[in-house]
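**Q** I am attaching a structure below and will ask some questions about it afterwards.
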Ligand code: GLC
Ligand code: MG
């Protein structure tokens, strides 16, 4: 398939964990319907996740995740295009754009002395993503706000972006990165801008998708930080009544992608 010659009507950018996963039977129903739409050339599917590439590929084999047309991994700091291979390199053009200003060392300095903070395992820490856990901090939420405040006070909001998810995970990534901006970049890179974008997610690292795009599905099991997303007049974010993949199916019906 020559991607530059395809013009899918719909572009679905979905988070994986607790958006697609969580209800195996619903995921199977959703994956089947997405597969059909892709075969008809009507849907371009982007998996947009905090996971590492290998965890997404394992998910195709072991969790019944639908195969995507693109993978945005590590919270929007890496982009991969098919054919997917475990040891492949991420898209160079996106990597170069993000590397310009980001210093891992400076990003880590915003975490100095935060009580109860634990760094995530090395495999989740990359040159473009500094990730830690705050669930053992006396007040996780306050600790996250403090880290954000430090970035602001240093006048570095244009360089570093703090992402707070699920009462546990805190990532510092380039301000130019994140799932929302990575999708934008991809649409322009592949000349897919005429398609209608719909995003789907459940937690804080999905916020940038909802900020960037008007049409989105928030599954019912979403975390408070995503549910609290302000509803502006312009956006048409659909708050599903159902959890996990069943919520995604409900949202895709709402937007008319699924006829019933
Ligand atoms: C995924 C990543 C982790 C990150 C979290 C929230 O779980 O593996 O590093 O902190 O998403 O973005
Ligand atoms: Mg999730």
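**Q** Ratio of Rg to Rh for region 1-146, alpha carbon only, Kirkwood?
**A** Checking Rg against Rh, the ratio lands at 1.03.
**Q** Please report the spacing between the Cα centers of region 22-36 and region 132-188 in Å, no decimals.
**A** Centre-to-centre (Cα) distance: 31 Å.
**Q** For a quick check, take a GNM of the chain with Cα springs below 10 Å and name the residue from 13, 182, 100 with the largest mean-square fluctuation.
**A** Of 13, 182, 100, the most mobile in the Gaussian network model is 100.
**Q** Give the peptides 117-130, 189-202 in descending order of average Cβ contacts within 10 Å, highest first.
**A** 189-202, 117-130
**Q** Would you please put 24-32, 79-87 in order of how densely packed they are, using the mean number of other Cβ atoms within 10 angstrom per residue and starting with the highest?
**A** 24-32, 79-87
**Q** Would you work out if region 157-230 is rounded, prolate or oblate? Take a ≥ b ≥ c from the square roots of the eigenvalues of the alpha-carbon gyration tensor; rounded if a/c is under 1.5, else prolate when a/b is larger than b/c, oblate otherwise.
**A** It is oblate, given that a/c is not under 1.5 and a/b is not larger than b/c.
**Q** What nm value, rounded to one decimal, do you get for the distance between residue 253 and residue 196 when each label is placed 7 Å out toward the C-beta?
**A** Output for this residue pair reads 1.7 nm.
**Q** What FRET efficiency comes out for the pair residue 149/residue 108, r = Cβ-Cβ distance, R0 = 22 Å, nearest 0.05?
**A** Efficiency, from the Cβ-Cβ distance: 0.85.
**Q** On a full-extension model of 0.36 nm per residue, what is the gain between residue 95 and residue 29, subtracting their alpha-carbon distance, rounded to one decimal in nm?
**A** 20.3 nm is the gain from fully extending residue 95 to residue 29.
**Q** Give me the Debye-computed log₁₀ of I(q)/I(0) at q = 0.12, 0.14, 0.16 Å⁻¹ for region 137-260, equal point scatterers on Cα only, no solvent, two decimals.
**A** Result of the Debye calculation: -0.51, -0.68, -0.86.
**Q** Using packing as a proxy for protection, rank 247-258, 60-71 so that the peptide with the highest average count of other Cβ atoms within 10 Å comes first.
**A** 247-258, 60-71
**Q** May I ask you to derive the FRET efficiency for residue 63 and residue 188 from their Cβ-Cβ distance with R0 = 25 Å, giving the value to the nearest 0.05? Provide the component values of the computation, followed by the final result.
**A** Numbers: r = 30 Å, r/R0 = 1.22.
The value I calculate is 0.25.
**Q** If you average 1/r over every pair of different alpha-carbon atoms in the chain and take one over that average, what Kirkwood value in Å do you get?
**A** Its Kirkwood hydrodynamic radius stands at 18.6 Å.
**Q** How many percent of the alpha carbon pairs in region 137-189 exceed a separation of 15 Å?
**A** Cα-Cα pairs of region 137-189 separated by over 15 Å account for 53 percent.
**Q** Can you bin region 198-260 into rounded, prolate or oblate? Criterion: square roots of the alpha carbon gyration tensor eigenvalues sorted a ≥ b ≥ c, rounded for a/c under 1.5, prolate for a/b above b/c, oblate for the rest.
**A** Note, shape of region 198-260 comes out oblate.
**Q** Calculate, in whole percent, how much of the Cα-Cα pair population of region 1-71 lies beyond 14 Å. Show your work: numbers first, answer last.
**A** On the way: 1442 of 2485 pairs.
Roughly 58 percent, once rounded to a whole number.
Each value in this text was obtained by applying a stated rule to the coordinates, not by laboratory testing. The structure displayed is predicted, hence computed values, not measured ones. Glycine gets a Cβ as well: all are built from the backbone with ideal geometry, and neighbour counts include every protein chain shown.
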